[in-house]
1. Going by how many other Cβ atoms sit within 10 Å of their own, how do Y105, Y48 line up, fewest first?
2. Could you tell me how many cubic angstrom of Cα convex hull volume segment 46-104 has per residue?
3. So what are the ³J(HN,Hα) numbers for segment 131-139, from phi and the Karplus equation (6.51, -1.76, 1.60; θ = phi - 60°), rounded to whole Hz, Gly and Pro as x?
4. Pull the list of the chain cysteines that no other Cys approaches to under 4.7 Å, Cβ to Cβ.
5. Given +1 on the Cβ of Lys and Arg, -1 on the Cβ of Asp and Glu, and no further charges, what dipole in debye does segment 11-149 carry about its Cα centre, rounded to the nearest 20?
6. Considering Cα pairs under 8 angstrom that are at least six residues apart, work out the relative contact order of the chain and quote it in whole percent.
7. Arrange the following residues from fewest to most other Cβ atoms within 10 Å of their Cβ: W139, W76.
8. By counting other Cβ atoms within 10 Å of each Cβ, how are K133, K62 ranked from fewest to most?
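Bear in mind that the values in this text are calculations on the coordinates, not laboratory data. On a predicted model such as this, the values are computed, not experimentally measured, just so you know. When we count neighbours, we look across all protein chains shown, and the Cβ atoms used for this are built from the backbone with ideal geometry, even at glycine.
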Amino acid sequence: MIFSEARFRWFRIGITLILIIVCNGVLLGGLWASGIDLDFVLTNAELYDPASGHCVGITVMKVSGVETPIQVCTEWLDTNDPTGQVHTIRTNEPLAMGEDGNLYYPNARNEDFHILGLLAFVVVVIGSGLGVKRYLLIWYQRRLVAGNG
């Protein structure tokens, strides 16, 4: 068998396409298995700021860090937002009060660690895909050259 650049090029293209499909499948499977709520992670965690907004909806809620339920602004107009959109807090997400008296979402930090783990997984999958591609290309090139020898 004679070493052929055309055969090697087609093999390289085929391996690239197959690895793109396989690695994307692994990434989507990893995202699904992780259970990360991307809607929660990628949306802005807004809370009412009296300095730059006007409260239009108040609800009495149980907030961790406080013994009794307190009034929380759940809907507000942000004076810095030119769209005039009504901003709301996240539903079904617990609130906590910090030492400084400000409200925050206690689960937000945990989601940050989950997304960092997912990014590390992405790096590992991409690196593994590149390593497998390099190994297969070297293997096929040696096979073609050995057949030529």
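1. Details: Y105 18, Y48 22.
Going from sparsest to densest Cβ surroundings: Y105, Y48.
2. Details: hull volume 4.5 nm³, N = 59.
It is 77 Å³ per residue.
3. 3J(HN,Hα) across segment 131-139, in whole Hz: x, 5, 4, 4, 4, 5, 5, 5, 4.
4. C23
5. Working: 8 positive and 13 negative charges, 329 e Å.
For this selection, approximately 1580 debye.
6. Working: 147 pairs, mean separation 43.7, N = 149.
Once divided by the residue count of the chain, the mean separation gives 29 percent.
7. Details: W139 10, W76 23.
Ordered by Cβ neighbours within 10 Å, fewest first: W139, W76.
8. Working: K133 17, K62 12.
Sorted ascending by nearby Cβ count, the order is K62, K133.
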